[in-house]
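Student: Take a look at this one; I'll ask things after.
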Amino acid sequence: MPSIPDIPADRLPDLLRAMPKAELHIHIEGSLEPELIFALAQRNGLSLPYPGVEALRQAYAFSDLQSFLDIYYAGAGVLQTEQDFYEMGMAYLKRAAADHVVRAEIFFDPQTHTARGVSMETVIQGLHRACRDGAALGVSAELILCFLRHLSEKEAFETLEQALPYRDLFIGVGLDSSELGHPPEKFARVFARCGELGLRLVAHAGEEGPPAYVWSALDVLKVERIDHGVQSVHDAALMRRLAQERIPLTVCPLSNLKLCVFPTLQAHNLGALLDAGLVATVNSDDPAYFGGYVNDNYTQTFAATGLNAAHAYALAKNSFEASFAEARQKQQWRAALDAAFEQATR
Ligand code: ADE
Ligand code: ZN
């Protein structure tokens, strides 16, 4: 589609919801809704330090990344069996399908589970079974294993070792958890090994951390995508590099709002990233905790910042370009995207 005619602001939300899109930054443990946390706790005979679903939801008031991570890791503690992981994955994929997500590249945090005595096999097989069943919902889904950066590189190597028997069941590795004080270079050797194994490489960088962390994710870890990356705007040379090399950023506006990375959604820099020519995408990060799935991220951010139909098209197109799917598959999604816009602008 060469040029995108503007469409009236009141018709934009429907188009944002209906257009096909990829979601490339979703932590599956962050899709655990309070209702499912309570149901799994009951099934597994665990007690929670909250009287009920509403009380738990009330606790979701965060001041920064760490204040969220503390409650997020506690919530993930209810997951015990392969069936638990499967049900969590399916619940997300059903929501994603409803949002016209045709491709999901799903993060999981195995160390959160293996540290509690849950086996790597249980985690990966349960999530893999959900990804397989996602196809029947119209979602092509793949897994990306994330190393927790607040732990050591040695522990990351041990985690990789445990996961290698299931090498065919995940497409890449990422780096998440507490960013400040844990720069990418801490994981240089384990990422080099993952690269040799043919795994796709991504890392969270520039969420709360400085542009220097984005540089080292690129230069030391050799990642292909940056997760978040919103702090890159503070470094003009970095912005030029991201644009020139078409290195995608998986941006998560509602996450940034809830973790106080930006004071308001109006202040979010998604529009600036797009206008600077970056391959920015919109994603939900941890939708159960941040008040919205991917379509909520699109519609709320567009309403707050005044982005237009051309931005919408660019974001969906970027999401396919940035995905690790095969070229032929990407072409088909692009054609479906063009069809959605042609219909909406007719
Ligand atoms: N794990 C889950 N969500 C995360 C985020 N937004 N940043 C870092 N680690 C995470
Ligand atoms: Zn994230």
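The values are calculated or read from the model by the stated rules, or taken from the named source; none is laboratory data. Predicted model only: the values in this text are computed from it and were never measured. Because the Cβ atoms are built from the backbone with ideal geometry, glycine has one as well, and the counts that use them run over all protein chains shown. What goes into the accessible areas is simple: the full protein's heavy atoms, side chains included, and nothing from ligands, DNA or RNA. Shrake-Rupley method; radii C 1.70, N 1.55, O 1.52, S 1.80 Å.
Student: For the stretch 229-286, what number results from the quotient of the Cα radius of gyration and 2.2 N^0.38 Å?
Tutor: In units of the 2.2 N^0.38 Å rule of thumb, it is 1.08.
Student: Under 5 Å between amide H atoms, partner at least 5 residues away or on a different chain: which partners does SER140 have, H built in plane at 1.01 Å?
Tutor: When sequence neighbours closer than 5 places are left aside, the close amide H contacts are ARG103, ALA104.
Student: Let me ask you something else. Output the pairs from LYS94/LYS186; LYS222/LYS317; LYS21/LYS258 with a Cα-Cα distance over 27 Å in this structure; if there are none, say none.
Tutor: Values: LYS94/LYS186 36 Å; LYS222/LYS317 24 Å; LYS21/LYS258 23 Å.
Going by Cα-Cα distance, LYS94/LYS186 fall outside the 27 Å limit.
Student: If I take the Cα coordinates of the stretch 147-278 and project them onto the principal axes, what are the three extents in Å, biggest first?
Tutor: 45, 30, 26
Student: How large is ³J(HN,Hα) for each residue in the stretch 307-320, as worked out from phi by the Karplus curve 6.51 cos²θ - 1.76 cosθ + 1.60 (θ = phi - 60°), to whole Hz, x for Gly and Pro?
Tutor: So the Karplus estimates, Gly and Pro as x, are 5, 10, 5, 5, 5, 4, 4, 4, 5, 5, 4, 4, 5, 6 Hz.
Student: Normalise the Cα radius of gyration of the stretch 1-150 by 2.2 N^0.38 Å (N = residues in it) and let me know the number.
Tutor: 1.18
Student: Something else about it: Hey, what's the stretch 177-298 come to in accessible area per residue, 1.4 Å probe, Å²?
Tutor: On the way: 3990 Å² over 122 residues.
Value returned for the stretch 177-298: 33 Å² of accessible area per residue.
Student: Which percent of the accessible area of the chain is formed by carbon and sulfur heavy atoms (probe 1.4 angstrom)?
Tutor: 52 percent
Student: How much net charge surrounds GLN162 when only other residues with a Cβ under 12 Å from its Cβ are counted (Lys, Arg +1; Asp, Glu -1)?
Tutor: Value of the local net charge: -3.
Student: Most mobile of PHE320, PHE262, PHE290 per a Gaussian network model of the chain (Cα springs, under 10 Å)?
Tutor: Of PHE320, PHE262, PHE290, the most mobile in the Gaussian network model is PHE262.
Student: Please list the non-local residues whose amide H lies under 5 Å from the amide H of ARG200, H modeled 1.01 Å from N, same-chain partners needing a gap of 5 or more.
Tutor: Close amide H contacts, sequence-distant or interchain: GLY172, VAL173.
Student: Still on this model: Under the Karplus relation 6.51 cos²θ - 1.76 cosθ + 1.60, θ = phi - 60°, what is the ordered set of whole-Hz ³J(HN,Hα) values for the stretch 11-16, x standing for Gly and Pro?
Tutor: Once θ is set to phi - 60°, the couplings for the stretch 11-16 become 9, 5, x, 5, 5, 4 Hz.
Student: Return P(r) of the chain (all Cα-Cα pairs; 10 Å bins starting at 0; whole %; ordered from short to long distances).
Tutor: Reading the bins upward from 0: 6, 27, 36, 24, 7, 0.
Student: What net charge is computed for the residues neighbouring TYR73, neighbours being all others with C-beta under 12 Å from the C-beta of TYR73, Lys and Arg scored +1, Asp and Glu -1?
Tutor: Working: positive: ARG116; negative: GLU29, ASP70, ASP109, ASP176, ASP286.
Taking every other residue near TYR73 into account, the sum is -4.
Student: So, one more: Based on the Cβ-Cβ distance of ALA272 and ASP14, what FRET efficiency does E = 1/(1 + (r/R0)^6) give at R0 = 30 Å, to the nearest 0.05?
Tutor: 0.70
Student: Quick one: compute a quarter of the convex hull surface over the Cα atoms of the stretch 100-183 and quote it in nm².
Tutor: 6.0 nm²
Student: Under a point-charge model restricted to the Cβ atoms of Lys and Arg (+1) and Asp and Glu (-1), what is the dipole moment magnitude of the chain relative to its Cα centre, in debye to the nearest 20?
Tutor: Value, rounded to 20: 640 debye.
Student: Additional query: Show me, for the stretch 260-267, the HN-Hα J-couplings you get by feeding each phi into the Karplus relation (A = 6.51, B = -1.76, C = 1.60, θ = phi - 60°), rounded to Hz, glycine and proline as x.
Tutor: After applying 6.51 cos²θ - 1.76 cosθ + 1.60, I find 6, 6, 10, x, 9, 5, 4, 7 Hz.
Student: Rounded to a whole number, what is D in µm²/s for the stretch 235-325 from Stokes-Einstein with the Kirkwood radius over alpha-carbon pairs (20 °C, 1.002 mPa s)?
Tutor: Estimated diffusion coefficient is 161 µm²/s.
Student: On to the next question. Report, by chain and number, residues whose modeled amide H sits under 5 Å from the one on ARG225, excluding near sequence neighbours (fewer than 5 apart, same chain).
Tutor: Under 5 Å from the amide H of ARG225: ALA203.
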